[in-house]
Amino acid sequence: MLRIASPLLTSQWSITDSNEADLVIYSFDSIAGRKAWQKRSASLTGLLTHHADSHEPVDIIFQKPLHKTQFAETLNLAEQKLSSHQSVKKSNSQLIPQTKASWLNTFHHLVGFSKKPADNLPALNLQAVSHDENAVSTIKDPALLLVWLNQLPNDTYQRVPSLLANLKALTQQKIKPGLLLPLLEMYRSQVNELLFTRDIAAVKRDLYMNTESLRTISLINELIGLLSVAYQQIVRFFYQRGKTPLAQPLMLLALNRTAEMLGLQLLHSFQYYRVAPAGIWQLLHELFLYQEKAQTLHQEVTVKPYYQSRSFFEIYGQIVLTALTDPYSQMRFDVLRLFRLMSQFTDKIVIVRLSEQQSKVNSRFLLLGHFCINAQQDHCPQPMHNIPKEIRSAETSRLFDAQAVLKSIETTLREAKSHRTHTVMSAELRLVRHILPQLNTSYERRFERIKQETDEHIQITLGLESVHQSLQGNLVNALDWQLVNLSNGGMMAKRAHTDCYHLNIGDFVGLFDINQKVTLAVIKWLQIDIHND
């Protein structure tokens, strides 16, 4: 029974014959059991019985017949009582008969118990959820949830709102980590399917945006974010009790799943050229420093019966490398391929605390491929040559060294060229060639951009046909844009994203100034801030 219930336990238990056991379980069904009870020690006591109550002063009741969930909850209760140092220390002469409350009532009485987080690890600013006693009911049985998921419509427009509504209801429930994990893992499978399954319907939906498509994109991002918050509740359970990921595999798994969902939320934002949701980068950096101190950065984890995770270092490194490639300049579907491609290079990344000498280096050549992780800021690691010395030398700053990644990519390119493997490697070759300047921090604009001091506007028409018709005299499919900066080789413009035509990297546009002078251009960089018009 202990082996079967182990995935639901908040601590690891083992059976021992030692007289110094933490918990001693008695049975009054035999004379031997009653005699043992009379000679009991000061350990925490448990009673195995068919009844929910006992007139003997036992601490915990294990009610027959034993079931996995009930057994696990009872042991978790015992672990809480041990942690709060409430072991019984009474001799036979001092025993006062009293009616004990059922173990379930005792559990509810202790549910508010909390212990300080481990003082040898950094503080975590985990996102909290409010538990509502009147919350909408939701499915809490894994078997029933699987049936419900299989019955959902395949249409994303209908499927996503249902997933989001039920996950919201689930996060408002108080559920033990061991029971919550299998439910969240099912939602995780749904998220991965939504992001990485690209059928014809999905491609068409992305190419021809409408109001419903844009709404669904926002809901998917919200779903991923909510799932990361749900995993954080498992982390919070252990964190507040002073547990550490090195000693508690379920906590480590939940930390890694949290990072994975934060990374996927960023990836989904990149895919649709949206600004990263506030707080994600800062929390990722915070989780990195926490696991670094906990000595679990490179540790893979397995939680019975079959839940596994890559190391936090791999998860973190993959999304950082993807972000460093400047996804706002990539073709829409390329960012997903880049994300998969970057998983091959995470073992080449080096992340260390900057030495005093490294914090003083100003040579741009010596800093090629070097980025600074500033855990105090909510942004992706930045090229080291742009970072002032006081930030480099801060306690929470780290060097993200991608030089070995660059060498590995360059080797791949040389080998592909020499072996003529273009038929297999053509897509990847095009991608890695494009991202090399970003990863080695050598990318520079060919022409200096001049910031516009005046409120100058232009009309931009989308598509070759619209440009051709607009040249006849009347502008077609044109919108007003405000100039941000300008050079001989390009310009940046902005406008409110509401009521804007749908844009993609590589789109052909015509730029018409106030004198109707036209300039032909191609969109090379695009970023949409849905929270700021």
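Of all residues in the stretch 153-164, those that are under 18 Å from residue 209 (Cα atoms) and in the same structural domain as residue 213 (by TED's automatic domain parsing) have Cβ atoms under 7 Å from Cβ atoms of residues that are of a type in the set (Asp, Glu) and in a helix (DSSP H, G or I), 6 or more apart or on another chain, in 157/212.
Does residue 398 satisfy being surrounded by 20 or more Cβ atoms within 10 Å (Cβ to Cβ), among the basic types (Lys, Arg) and out of contact with any Gly (no Cβ under 7 Å at 6 or more places or on another chain)? Yes, satisfied.
Within the option set 5, 52, being loosely packed, with under 14 Cβ neighbours inside 10 Å and either at positive phi or modelled with pLDDT under 75 (or both) holds for one residue only, 52. Here residue 256 clears all of (1) within 24 Å of residue 395 (Cα to Cα); (2) surrounded by fewer than 20 Cβ atoms within 10 Å (Cβ to Cβ) except the condition numbered (2). Examine the stretch 458-472 for a residue that is of a type in the set (A, V, I, L, M, F, W, C) and in contact with a Lys or Arg (Cβ under 7 Å, 6 or more places away or on another chain), and state whether such a residue exists. No: zero hits.
Looking only at the stretch 316-336, residues that are among the small types (Gly, Ala, Ser) and surrounded by 20 or more Cβ atoms within 10 Å (Cβ to Cβ) come to 2 in all.
Quick check on residue 411: is it exposed (fewer than 11 other Cβ atoms within 10 Å of the Cβ), at pLDDT 85 or above and either under 30 Å from residue 495 (Cβ atoms) or over 30 Å from the mean Cα position of the chain (by Cα) (or both)? Step through it out loud before you land on a result.
Values: exposed (fewer than 11 other Cβ atoms within 10 Å of the Cβ): yes; at pLDDT 85 or above: yes; either under 30 Å from residue 495 (Cβ atoms) or over 30 Å from the mean Cα position of the chain (by Cα) (or both): yes.
Yes, satisfied.
Condition (residue is assigned to a loop (DSSP other than H, G, I, E, B), at pLDDT 75 or above, of a type outside the set (Ser, Thr, Tyr) and not assigned by TED's automatic domain parsing to the domain that holds residue 239) applied to the stretch 77-95: is it met by at least one residue? Checking the stretch 77-95: not a single residue is assigned to a loop (DSSP other than H, G, I, E, B), at pLDDT 75 or above, of a type outside the set (Ser, Thr, Tyr) and not assigned by TED's automatic domain parsing to the domain that holds residue 239.
Does residue 475 satisfy the criteria of being in a loop (DSSP other than H, G, I, E, B), modelled with pLDDT of 90 or more and surrounded by 11 or more Cβ atoms within 10 Å (Cβ to Cβ)? Please lay out each step first, then the result.
Numbers: in a loop (DSSP other than H, G, I, E, B): yes; modelled with pLDDT of 90 or more: no; surrounded by 11 or more Cβ atoms within 10 Å (Cβ to Cβ): yes.
No, not satisfied.
Against the condition under 23 Å from residue 335 (Cα atoms) and either touching a Pro at 6+ places or on another chain (Cβ under 6 Å) or part of a loop (DSSP other than H, G, I, E, B) (or both), how does residue 489 come out, does it pass? Break it down into steps so the answer makes sense when it comes.
On the way: under 23 Å from residue 335 (Cα atoms): no; either touching a Pro at 6+ places or on another chain (Cβ under 6 Å) or part of a loop (DSSP other than H, G, I, E, B) (or both): yes.
Spelling it out, it is not the case that residue 489 is under 23 Å from residue 335 (Cα atoms) and either touching a Pro at 6+ places or on another chain (Cβ under 6 Å) or part of a loop (DSSP other than H, G, I, E, B) (or both).
Examine the stretch 221-232 for a residue that is outside the structural domain of residue 396 (by TED's automatic domain parsing) and not in a helix (DSSP H, G or I), and state whether such a residue exists. There is no residue in the stretch 221-232 that is outside the structural domain of residue 396 (by TED's automatic domain parsing) and not in a helix (DSSP H, G or I).
For the stretch 483-495: of the residues being surrounded by 13 or more Cβ atoms within 10 Å (Cβ to Cβ) and either of a type in the set (A, V, I, L, M, F, W, C) or under 28 Å from residue 212 (Cα atoms) (or both), which is modelled with the lowest pLDDT? Steps first, please.
Residues of the stretch 483-495 that are surrounded by 13 or more Cβ atoms within 10 Å (Cβ to Cβ), as a first pass: 483-487, 490-493, 495.
This time we only want the ones that are either of a type in the set (A, V, I, L, M, F, W, C) or under 28 Å from residue 212 (Cα atoms) (or both), so: 483-484, 486, 491-493, 495.
Working: 483: 88, 484: 88, 486: 84, 491: 89, 492: 91, 493: 92, 495: 90.
Applying the filter and picking the extreme gives 486.
Beta carbons closer than 8 Å, at least 6 apart along the sequence or on distinct chains, pair a first residue in the stretch 519-532 that is within 21 Å of residue 222 (Cα to Cα) with a second that is of a type outside the set (A, V, I, L, M, F, W, C) and in a strand (DSSP E or B) for 527/274; 528/274; 529/274; 530/274.
The condition of being outside any loop (DSSP other than H, G, I, E, B) and in contact with a Gly (Cβ under 7 Å, 6 or more places away or on another chain) holds for only one of 467, 509, 484, that being 467. Answer yes or no: is there a residue in the stretch 300-309 that is within 21 Å of residue 181 (Cβ to Cβ), touching a residue at least 40 places away in the same chain (Cβ under 8 Å) and in a helix (DSSP H, G or I). Within the stretch 300-309, none of the residues are within 21 Å of residue 181 (Cβ to Cβ), touching a residue at least 40 places away in the same chain (Cβ under 8 Å) and in a helix (DSSP H, G or I). Mind checking which residues of the stretch 508-523 are farther than 17 Å from residue 472 by Cβ and exposed (fewer than 11 other Cβ atoms within 10 Å of the Cβ)? Result: 514, 522. The set of residues from the stretch 229-249 being under 20 Å from residue 120 (Cβ atoms), aliphatic (A, V, I, L, M) and surrounded by 20 or more Cβ atoms within 10 Å (Cβ to Cβ) comprises just one member, 235. Within the stretch 238-248, does at least one residue satisfy the condition of being assigned to a helix (DSSP H, G or I) and either at pLDDT 95 or above or touching a Phe, Trp or Tyr at 6+ places or on another chain (Cβ under 6 Å) (or both)? Yes, the stretch 238-248 contains at least one residue that is assigned to a helix (DSSP H, G or I) and either at pLDDT 95 or above or touching a Phe, Trp or Tyr at 6+ places or on another chain (Cβ under 6 Å) (or both). When restricted to residues that are in contact with an Asp or Glu (Cβ under 9 Å, 6 or more places away or on another chain) and assigned to a loop (DSSP other than H, G, I, E, B), the stretch 336-386 contains 5. Remark: pairs (first residue in the stretch 115-127, in a loop (DSSP other than H, G, I, E, B); second residue of a type in the set (D, E, K, R) and surrounded by 15 or more Cβ atoms within 10 Å (Cβ to Cβ); Cβ separation under 6 Å; 6+ apart in sequence or on different chains) = 115/241; 126/236.
The values are calculated or read from the model by the stated rules, or taken from the named source; none is laboratory data. For clarity, every value in this text was computed on a predicted model and none was experimentally measured. When we count neighbours, we look across all protein chains shown, and the Cβ atoms used for this are built from the backbone with ideal geometry, even at glycine.
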